[in-house]
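The values are calculated or read from the model by the stated rules, or taken from the named source; none is laboratory data. In this text the structure is predicted, and so the values were computed from the model without any measurement. Note: ideal-geometry Cβ built from the backbone for every residue, glycine included; neighbour counts use all protein chains shown. Quick note on the areas: whole protein, heavy atoms, side chains included, nothing else; ligands and nucleic acids left out. Shrake-Rupley method; radii C 1.70, N 1.55, O 1.52, S 1.80 Å.
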Amino acid sequence: MSPVSESEPAGELQLEAAVERLIFVRADEYTVVRLLSEEQGEFTAAGAALAGVQPGSVVLLSGRWVQHSRFGTQLSVSSCECVLPSHIRGIRMYLGSGLIRGIGPSLATAIVEHFGEDTLKVIDADPERLTEVNGIGAVRKDRIVSSWVGQKVIRDLMVVLQGFGISPLMAAKIYAEFGADSLVVVRKDPYRLIEKVRGIGFTIADKIALASGVAEQDPTRLRAALIDRLDTARRDGHCYVNHTRLLVDAARLVGQDRELVRIELEQLAAQRAVIVEPDPNPDPDEPGPSATVVFAKALHNTERSLAAAITKLLHADSDVPAAARRRAETLDVDHPDLHEGQQAAVRMALTHTVSVLTGGPGCGKSHTVKTIAQIVKACGGRVTLAAPTGKAAKRLSELAGMPAMTVHRLVADLPDADPDALFDDSPLMADLIVVDEASMLDVFLGLKLARQVPTGTHLLLVGDVDQLPSIGPGSVLNDLLRVPEIARTELTHVFRQGEGSSITANAYLIRAGRMPNPRTSEFWFDQVEDPGKVAERILEIATVRIPTSHGVPPSDVQVLAPTRRGVTGTVELGRRLQERLNPADPEKNEYWAGASVFRIGDKVMPIRNDPNKGSSGIFNGTTAVVSGLDPQSRTVQLRTDDGDFAVYDFDELDDLLHAYAISVHRSQGSEYPYVVAPLTTETGPLMLYRNLLYTLVTRARKLVVLVGQRRALEIAVHSAGRDRNTALAQRLQAVLDSGTRSA
């Protein structure tokens, strides 16, 4: 839907109306809603000023009537203020909309019938009287009052944010984090919003701070800029930032002299809020201050602790049964089906307390793991298999022929979701722990794992070092491989390629920096130069061509993209796929959270770990379908791909992404029957690199279709990508060289 085109100028008017439903919200906050007013009856209004309104909200609008070329008469809104309803009908709608917890339509009618036009005054000033209404006891009354206070704070926040020129969509997010203190935080300490509220970065917080009277050279402002640059680097996967680069970027962000920023960085270092150290990977051509780097304290401590934990495991005596270690000597006789590289990997895993198994697709990693596990179990030992995501764990279980779990569940030692428990005792109390897809381990999860593995237990990390690194900071698998004392085996013999898999063959070409074969039965490059037409072709292939030609549902097709932005990014592609596959339906409940609408049947993906949801936790990378949506309880129910259920409050929907189109990073650890992906230079050359394309291609089991510009494909194949700034390898080597257990 597009903004209105004005064909008949009209005078500006003001009117009060209740929001019945949201029709459309665009990423730039242009919003279309259906409203009801005493004066006008039902009507449609449109404009960016409507951003943040919800069904049941009562709004005071300023605007003028215009004639949309396609959708008819609309009110083009220039300003919008959320207010309390002044009419009985509006009060009933407001209370029964679900905005106030504990009140549904029936109870709203009963309350209004009892208190009439004084209803809102009673709730606000004398809430104890609510118990006069049949069906309201002390517990429900408290829930209603709490929700009423929250809505009041959110309304006030929306007004304050609009005064600062900030999107009112942020109001609910801020309240969800800070509650009754929200207004105080916004006015007195806006830089706290940066680390706590997703979507609020330095620019927004700084705009509020400056408008509130904070001086441009205020130390708090300069320090916030430094922390923001470190946090941005962490989100890009780095554990540290070059000292000079940090000063330059922070000074540019605040528009101040670099020397002022340097003074504040020294203050942060003196307070140990940041750690300054010599560059672990120095450039010999850049001596002096540039040869130092800056760590956020948490990342510095995590790297040090991870190095110490791994060293402890390396120095431990083996608890793997001696019979299993002895069988490593007769593999050529006992397991003649294993290739010599696989036999070397089995020996390594059975004789080293920490080891790494690497290799590309089709090289037999899973069969090797299965053999290792079978030997340990046959000799009386216990084995635990794990992977960073639920899908990866499920696939590992299928390939290895034994139970597997997520690493998050392993380190949390959570009870198993299956009533027929997978493990008799704690899964950590095993003689061998195997972690597949180990390239996905960031330093935080790596530390949780290494700390909790008992000394003497063998830890085998399995992965493909040419895949994308973890979403979180660090590059644990690659860093371990840089330490000679860590045993490793790389499998190079490709079995699946010999069976004629063009996906595997092309993956290895890409891995080697060579152009893939563009047209095979399993790998297809569809050259389209116009990014807009690329998006159209993606939609056609994903929703019509593949489902029709292969006789499969569209849900078997996963669209992946290198980036979120642009016409071929995950946001726009996902929105258009949702319109095709799960459009608005009067029979379906829906809820707009910002520019995203949630409906029953939507494919979604949690992006924040929550061990308290579901029967055994919901973790980043889980995929699910919206199975229920209740406006009255303000909740969304998910059914995950592994059969679990989880409930999300409307205020928590920022933790969910629609999964019609997802980033390549978020696809790690998963496989899909059919993968379709755009490749255009619109994403920028920094988002087109070899391990991203290699990861993308290896997500498909049966067919991968790349749609886009040949130049973009060439850039991706020939760009080696960017190294992450990490110091784990150096810390671990230093510990091993010194013979101590502290980095």
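Sort out which residues of region 522-535 are in contact (Cβ under 8 Å) with a residue 60 or more places away in the chain and of a type outside the set (Phe, Trp, Tyr), and write them in order of number. Spell out how you get there, then give the answer.
Within region 522-535, the first condition is being in contact (Cβ under 8 Å) with a residue 60 or more places away in the chain, and the residues that meet it are 522-529, 531, 534-535.
Within region 522-535, 522, 526, 527, 528, 529, 531, 534, 535 meet the criteria.
Tell me yes or no: at least one residue of region 55-73 is out of contact with any strand residue (DSSP E or B) (no Cβ under 7 Å at 6 or more places or on another chain) and hydroxyl-bearing (Ser, Thr, Tyr).
Yes: one or more hits.
Testing residue 246 on (1) at positive phi; (2) in a helix (DSSP H, G or I), one condition comes back false. Which one is that?
The single condition residue 246 does not satisfy is (1).
Being assigned to a helix (DSSP H, G or I), under 30 Å from residue 665 (Cβ atoms), open to solvent by 30 Å² or more (accessible area, probe 1.4 Å) and not charged (D, E, K, R) is the requirement here; does residue 224 meet it?
Details: assigned to a helix (DSSP H, G or I): yes; under 30 Å from residue 665 (Cβ atoms): yes; open to solvent by 30 Å² or more (accessible area, probe 1.4 Å): no; not charged (D, E, K, R): yes.
It is false that residue 224 is assigned to a helix (DSSP H, G or I), under 30 Å from residue 665 (Cβ atoms), open to solvent by 30 Å² or more (accessible area, probe 1.4 Å) and not charged (D, E, K, R).
Is it the case that residue 205 is free of Cβ contacts under 8 Å to residues at least 24 places away in the same chain, surrounded by 21 or more Cβ atoms within 10 Å (Cβ to Cβ) and in contact with a helix residue (DSSP H, G or I) (Cβ under 9 Å, 6 or more places away or on another chain)?
Working: free of Cβ contacts under 8 Å to residues at least 24 places away in the same chain: yes; surrounded by 21 or more Cβ atoms within 10 Å (Cβ to Cβ): yes; in contact with a helix residue (DSSP H, G or I) (Cβ under 9 Å, 6 or more places away or on another chain): yes.
Here the answer is yes, as residue 205 does meet what is asked.
Conditions (1) at pLDDT 95 or above; (2) more than 20 Å from residue 672 (Cα to Cα), marked per residue:
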site	(1), (2)
537	yes, no
543	yes, no
551	yes, no
555	no, no
559	yes, no
585	no, yes
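If I go through region 689-699 residue by residue, how many of them are open to solvent by less than 10 Å² (accessible area, probe 1.4 Å) and out of contact with any Leu (no Cβ under 7 Å at 6 or more places or on another chain)?
So the count comes out to 3.
Step by step: first the residues of region 36-63, then only those that are assigned to a strand (DSSP E or B) and open to solvent by 30 Å² or more (accessible area, probe 1.4 Å), then the one that is farthest from residue 21 (Cα to Cα). Which residue is that?
In the first step, residues of region 36-63 are kept if they are assigned to a strand (DSSP E or B); the result is 36-37, 41-47, 58-63.
Now drop any that are not open to solvent by 30 Å² or more (accessible area, probe 1.4 Å), which leaves 42, 60.
On the way: 42: 11, 60: 16 Å.
So, considering only residues that are assigned to a strand (DSSP E or B) and open to solvent by 30 Å² or more (accessible area, probe 1.4 Å), the one farthest from residue 21 (Cα to Cα) is 60.
Just the residues that are open to solvent by less than 70 Å² (accessible area, probe 1.4 Å) and assigned to a loop (DSSP other than H, G, I, E, B), please, taken from region 563-572.
Result: 563, 566, 567, 568, 569.
Within region 587-610, which residues are open to solvent by 20 Å² or more (accessible area, probe 1.4 Å), of a type outside the set (Val, Ile, Thr) and part of a loop (DSSP other than H, G, I, E, B)?
Answer for region 587-610, where residues must be open to solvent by 20 Å² or more (accessible area, probe 1.4 Å), of a type outside the set (Val, Ile, Thr) and part of a loop (DSSP other than H, G, I, E, B): 587, 588, 589, 594, 595, 601, 608, 609.
Which ones in region 611-633 are surrounded by fewer than 17 Cβ atoms within 10 Å (Cβ to Cβ) and either free of Cβ contacts under 8 Å to residues at least 12 places away in the same chain or closer than 19 Å to residue 445 by Cα (or both)?
Across region 611-633, the qualifying residues are 611, 612.
When residues of region 132-141 are filtered for being open to solvent by less than 70 Å² (accessible area, probe 1.4 Å) and at pLDDT 90 or above, how many remain?
Number satisfying all stated conditions: 5.
Yes or no: region 626-647 includes at least one residue that is within 13 Å of the chain's Cα centre (by Cα) and under 30 Å from residue 693 (Cβ atoms).
Pass one, region 626-647, residues within 13 Å of the chain's Cα centre (by Cα): none.
No; the residues of region 626-647 include none that is within 13 Å of the chain's Cα centre (by Cα) and under 30 Å from residue 693 (Cβ atoms).
Criterion first (within 23 Å of the chain's Cα centre (by Cα), among the hydroxyl-bearing types (Ser, Thr, Tyr) and farther than 22 Å from residue 695 by Cα) does residue 596 satisfy it? Explain how you work it out, then say what you get.
Numbers: within 23 Å of the chain's Cα centre (by Cα): yes; among the hydroxyl-bearing types (Ser, Thr, Tyr): yes; farther than 22 Å from residue 695 by Cα: yes.
In short, yes.
Residue by residue, here is whether (1) over 30 Å from residue 96 (Cβ atoms); (2) not in a strand (DSSP E or B) holds:
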{"residue": "632", "(1), (2)": "no, yes"}
{"residue": "636", "(1), (2)": "no, no"}
{"residue": "666", "(1), (2)": "yes, yes"}
{"residue": "677", "(1), (2)": "yes, no"}
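Take the residues of region 271-320 that are open to solvent by 80 Å² or more (accessible area, probe 1.4 Å) and part of a helix (DSSP H, G or I): which is modelled with the lowest pLDDT?
By that ranking, first place goes to 289.
Conditions first: (1) open to solvent by 50 Å² or more (accessible area, probe 1.4 Å); (2) touching a helix residue (DSSP H, G or I) at 6+ places or on another chain (Cβ under 8 Å). Residue 686 passes all but one, so which condition is the exception?
Failing condition for residue 686: (2).
Quick check, is residue 669 open to solvent by less than 10 Å² (accessible area, probe 1.4 Å), out of contact with any Leu (no Cβ under 9 Å at 6 or more places or on another chain) and more than 24 Å from residue 595 (Cα to Cα)? Can you show your working first?
Details: open to solvent by less than 10 Å² (accessible area, probe 1.4 Å): yes; out of contact with any Leu (no Cβ under 9 Å at 6 or more places or on another chain): yes; more than 24 Å from residue 595 (Cα to Cα): yes.
Considered against the rule, which asks whether it is open to solvent by less than 10 Å² (accessible area, probe 1.4 Å), out of contact with any Leu (no Cβ under 9 Å at 6 or more places or on another chain) and more than 24 Å from residue 595 (Cα to Cα), residue 669 comes out as yes.
Looking at this structure, is residue 33 surrounded by 14 or more Cβ atoms within 10 Å (Cβ to Cβ), at pLDDT 90 or above, part of a strand (DSSP E or B) and in contact with a helix residue (DSSP H, G or I) (Cβ under 7 Å, 6 or more places away or on another chain)?
Values: surrounded by 14 or more Cβ atoms within 10 Å (Cβ to Cβ): yes; at pLDDT 90 or above: yes; part of a strand (DSSP E or B): yes; in contact with a helix residue (DSSP H, G or I) (Cβ under 7 Å, 6 or more places away or on another chain): yes.
For residue 33, the condition - surrounded by 14 or more Cβ atoms within 10 Å (Cβ to Cβ), at pLDDT 90 or above, part of a strand (DSSP E or B) and in contact with a helix residue (DSSP H, G or I) (Cβ under 7 Å, 6 or more places away or on another chain) - is met.
I'd like the residue in region 322-355 that is in a loop (DSSP other than H, G, I, E, B) and touching a residue at least 40 places away in the same chain (Cβ under 8 Å) and, out of all such residues, is most open to solvent (accessible area, probe 1.4 Å). Full working, then the answer.
Here is the first cut: in region 322-355, the ones in a loop (DSSP other than H, G, I, E, B) are 335-339, 352-353.
Subset that is touching a residue at least 40 places away in the same chain (Cβ under 8 Å): 339, 352-353.
Working: 339: 63, 352: 81, 353: 13 Å².
Selected residue: 352.
Give the number of residues within region 536-562 that are in contact (Cβ under 8 Å) with a residue 40 or more places away in the chain and either over 30 Å from residue 689 (Cα atoms) or open to solvent by 20 Å² or more (accessible area, probe 1.4 Å) (or both). Walk me through how you get there before you give the answer.
Applying the first criterion (in contact (Cβ under 8 Å) with a residue 40 or more places away in the chain) to region 536-562 yields 537-539, 541-542, 546, 550, 552, 555-562.
From what is left, the residues that are either over 30 Å from residue 689 (Cα atoms) or open to solvent by 20 Å² or more (accessible area, probe 1.4 Å) (or both) are 537, 550, 552, 555-556.
So the answer is 5.
Here are 409, 395: which of them is at pLDDT below 90, within 25 Å of residue 697 (Cα to Cα) and under 29 Å from the mean Cα position of the chain (by Cα)? Break it down stepwise before answering.
Working: 409 fails: within 25 Å of residue 697 (Cα to Cα).
It is 395.
Residue 714 fails exactly one of the following numbered conditions: (1) surrounded by fewer than 24 Cβ atoms within 10 Å (Cβ to Cβ); (2) more than 30 Å from residue 313 (Cβ to Cβ); (3) without any contact (Cβ under 8 Å) to a residue 40 or more places away in the chain; (4) over 21 Å from the mean Cα position of the chain (by Cα). What is the number of that condition?
Residue 714 satisfies every listed condition except (3).
Determine which member of the set 200, 194 is in a helix (DSSP H, G or I), at pLDDT below 95 and of a type in the set (A, V, I, L, M, F, W, C). Break it down stepwise before answering.
On the way: 200 fails: in a helix (DSSP H, G or I).
Answer to the check: 194.
Could you identify the single residue in 87, 114 that is open to solvent by 30 Å² or more (accessible area, probe 1.4 Å) and either touching a Lys or Arg at 6+ places or on another chain (Cβ under 7 Å) or modelled with pLDDT under 85 (or both)?
On the way: 114 fails: either touching a Lys or Arg at 6+ places or on another chain (Cβ under 7 Å) or modelled with pLDDT under 85 (or both).
Exactly one of 87, 114 is open to solvent by 30 Å² or more (accessible area, probe 1.4 Å) and either touching a Lys or Arg at 6+ places or on another chain (Cβ under 7 Å) or modelled with pLDDT under 85 (or both), namely 87.
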